[in-house]
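Dropping a structure here in structure tokens format, bear with me for questions.
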Amino acid sequence: MDIDKIVQEVTKELGSGVKTSFNPVSNPIVINDSSAYSVDIISKLEHSLLNADAKREFILEECAKARKYGFASVCVSPYYVADVAKALQGSSVKVGTAVGFPQAAMSSSAKIQDIKDCMYAGAHEIDVAVNILAVKSGDFREVRRELAEVVSMTRGKVLVKAVYDQGAYN
């Protein structure tokens, strides 16, 4: 399903029972409920483009759509961060990336270097995958140490979230 259809489906689903307005060019999806609250939905959404087979051309086309609709961010693999930062320059759409995603089965030093590279390339938000090998081994001291190092290094520079692939923990 392409992003245009997703926007239409989100509008349809979230709008059932409440009044919605949608004009992707002049204003984003806005939901007005009977409580007189307005919620701008699209500007809260992250457009995740983390498929391993995503080509640069596709990523850049989706960046144009993210600008058009006013998404909060576009999340790409570290490889594309510089391209996305350039494509979104001058817009309110943030550049996000996922380091170590999905399983973070990499050394802490490799993860730290990847984060530094992404920050330098223009990332505003970094999802850092929790080290699944440390978790499965019960080495929570290492998990905390690594996350503390990441937070210390990025504090005040980028938004960082610790993430994990739920399916990998079964």
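The values are calculated or read from the model by the stated rules, or taken from the named source; none is laboratory data. These figures come from a predicted structure and were not determined experimentally. We place every Cβ from the backbone using ideal geometry, glycine too, and count neighbours over all the protein chains shown. In case anyone asks, the SASA skips ligands and DNA or RNA and just uses the protein heavy atoms, side chains included. Shrake-Rupley method; radii C 1.70, N 1.55, O 1.52, S 1.80 Å.
Quick check: at a probe of 1.4 Å, how many percent of the accessible area of region 74-143 sits on carbon and sulfur atoms?
Values: 1720 of 3310 Å².
Using a 1.4 Å probe with all protein chains present, region 74-143 comes out at 52 percent carbon and sulfur.
For the pairs LYS68/LYS94; LYS44/LYS116; LYS86/LYS161, flag any whose C-alpha to C-alpha distance is greater than 19 Å. Walk me through the numbers before you get to the answer.
Numbers: LYS68/LYS94 13 Å; LYS44/LYS116 26 Å; LYS86/LYS161 23 Å.
In this structure, LYS44/LYS116; LYS86/LYS161 lie more than 19 Å apart at Cα.
To the nearest 0.05, how large is the calculated FRET efficiency for ALA162 and GLN8 if R₀ is 41 Å and r is the Cβ-Cβ distance? Could the numbers behind the result be given before it?
On the way: r = 33 Å, r/R0 = 0.80.
About 0.80, to the nearest 0.05.
Next up: Taking amide H positions as placed 1.01 Å from N in the peptide plane, with prolines and chain starts having none, which residues 5 or more places from PHE101, or on another chain, fall under 5 Å of its amide H?
Correct list: ALA129.
Please list, in chain and number order, the residues 5+ apart from VAL160 or on another chain whose amide H is under 5 Å from its amide H, with Hs placed from the backbone.
Result for VAL160 returns ILE126.
Turning to a different aspect of this structure: Skip the ligands, DNA and RNA, and give the accessible area per residue of region 85-170 with a 1.4 Å probe, whole Å². Intermediate values should be presented prior to the final figure.
Values: 4850 Å² over 86 residues.
For region 85-170, the per-residue accessible area is 56 Å².
If you don't mind, another one. Taking the highest mean first, how do the peptides 131-141, 80-90, 48-58 order by number of other beta carbon atoms within 10 angstrom per residue?
80-90, 131-141, 48-58
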